Amino acid sequence: MANGRPPQCDLACQTKIIINGDSVSGLVEAACEGFQHAFDNGATFSNKDEIIALLNRMEDDARQLQRLLLTGVNYTGPVGGMLQ
């Protein structure tokens, strides 16, 4: 801690967060489009339970990411039920 304050996220840190976020976002969007295309064309999935379990974990992680963002910018106001 410099001057009693936590270290700041410098340009490299900011860039890494943006790149990772865009990467994850693109991969998830592509996967969702792939699922929609498959469903639209009558596909079924024998591994549906694994898919749902993974999506549930991803949903939890996405909420955690939002909480971390709000904590990181020192937001202390009200939040919706999903971020409780």
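Starting from residues that are in a loop (DSSP other than H, G, I, E, B) and touching a Leu at 6+ places or on another chain (Cβ under 9 Å), keep the ones in region 67-76 and report whichever is surrounded by the most Cβ atoms within 10 Å (Cβ to Cβ). Full working, then the answer.
Restricting attention to region 67-76, the residues satisfying the condition of being in a loop (DSSP other than H, G, I, E, B) are 73-76.
Cutting the leftovers down to touching a Leu at 6+ places or on another chain (Cβ under 9 Å) gives us 75-76.
On the way: Tyr75: 11, Thr76: 7.
Ranking the qualifying residues of region 67-76, first place goes to Tyr75.
Tell me, yes or no, whether region 21-41 has at least one residue that is over 26 Å from Arg5 (Cα atoms), touching a helix residue (DSSP H, G or I) at 6+ places or on another chain (Cβ under 7 Å), at pLDDT 95 or above and not in a helix (DSSP H, G or I). No, that holds for no residue.
The combined condition, being without any contact (Cβ under 8 Å) to a residue 12 or more places away in the chain, under 26 Å from Gln8 (Cα atoms) and of a type in the set (Val, Ile, Thr), is fulfilled by Thr76. Restricting attention to region 4-41, the residues that are among the charged types (D, E, K, R), more than 13 Å from the chain's Cα centre (by Cα) and closer than 22 Å to Leu55 by Cα add up to 2. Taking each residue of region 15-41 that is more than 25 Å from Gln64 (Cα to Cα) and looking for partners that are outside any helix (DSSP H, G or I) and at pLDDT 95 or above with beta-carbon atoms closer than 8 Å, six or more apart or interchain, yields Ala38/Phe45.
The values are calculated or read from the model by the stated rules, or taken from the named source; none is laboratory data. Given the structure is predicted, the values throughout are model-derived calculations rather than measurements. Don't worry about glycine lacking a Cβ; one is built from the backbone with ideal geometry, like all the others, and counts go over all protein chains shown.
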